[in-house]
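Only the coordinates and a few stated rules stand behind these numbers; no lab work does. Since we're looking at a predicted model, the values are computed, not measured. Reconstructed Cβ throughout: ideal geometry from the backbone, glycine too, with neighbour counts over all protein chains shown.
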Amino acid sequence: MELQLALDLVDIPGAKEIVNEVVEYIDIVEIGTPIVINEGLRAVKELKEAFPSLRVLADLKIMDAGGYEVMKASEAGASIITVLGVSDDSTIQGAVEEAKKQKTKVMVDMINVKNIEERAREIDKMGVDYICVHSGYDHQAAGISSFDDLLTIKRVVKRAKTAIAGGIKLSTLPQVIAAGPDLVIVGGGITSQEDKRAVASEMKQLVSQA
Ligand SMILES: O=C([C@H](O)CO)[C@H](O)[C@H](O)COP(=O)(O)O
C-alpha cells in the first residue's frame, strides 16, 4: 500500500516547502486541481524537477480530450494523470492510449459517479491503472464519505489498482487501511497539521505495515 500527499491550497513555493518536510514518508505527490488552475502544468514540472525521486500526479480531472491532456501533463513530468469516471468512454480510452505511449499512468476519479459498481466494472475493462473513490470537498462538507464506495470497488475491480481520497485523517486511516486499497491519498490530513512531518511519518508507518 502506498501513500500520496495531495497538495491543493498552496502555490508552487508553498508546495515545495511542504514536500520538503515530508518527502521521505510519501510515495507520490499530487499537484491538486486548484494548483493546476492557479499555476498551470508549470507546477508539475517544477515539483518533478525539485523532487526527482517522487512520482508526481497531475490532478487534472480530465473530462474531454483525454489523449491531448494526458500528453501535455506527461510532457510536464507527471507519472499519473486523473480522468473523471463520469466522462465518456472515448475520453477515458483516449487517455489510456496516450498514457501507454508516454509510459505514464491513468487514474480514474470516481467523484460524483452515481452507479459506482457498474461504472467501476466498465472502467476496469478499459485498462486504466487506478480507480479512485473520492469524496470531494463539497461532499465532505455535506458529511459524505467514500468508504462504502471503496468496499464496492474492492469487490468488483479485478485489474486496476484501487485508491481512496477525501478527508482522510490519522484517526480514520486504520479503517481505510483495513479495507485494503492499493493507494491512500491524504491532503488536509497532513497539510493542515502543525507537525506535518510527524503525521506523515505515522501515516507512512501504518500504510507500510498493511
Ligand atoms: O482532489 C481533491 C479535491 O477535489 C480538491 O482538488 C483533493 O486533493 C482530495 O480530496 C484530497 O484532499 P483531502 O480531502 O484534503 O484529503
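Observations on the structure shown:
- FRET efficiency, Glu17 to Arg159 (Cβ-Cβ, R0 30 Å, nearest 0.05): 0.20
- In this structure the amide hydrogen of Ile131, modeled in the peptide plane, comes within under 5 Å of the amide hydrogens of Val108, Lys161, Thr162, Ala163, none closer than 5 places in sequence on its chain.
- Fully extending the segment from Lys114 to Ser53 would add 18.3 nm, taking 0.36 nm per residue of separation and subtracting the current Cα-Cα distance.
- Extending 7 Å from Cα along the Cβ direction at Leu151 and again at Asp64 yields two label points whose distance is 3.8 nm.
- Extended-chain gain in nm, criterion 0.36 nm per residue less alpha-carbon gap, Tyr137 and Gln175: 11.7 nm
- The gain in end-to-end length when the Lys101 to Ile144 segment is fully stretched comes to 11.8 nm, 0.36 nm per residue minus the alpha carbon separation.
- Within the listed set Gly40, Gly166, Gly77, the Gaussian network model of the chain (springs between alpha-carbon atoms below 10 Å) gives the highest mean-square fluctuation for Gly40.
- If you run the Gaussian network model on the chain, springs between alpha carbon atoms under 10 Å, then out of Val86, Val156, Val44 the most flexible one is Val156.
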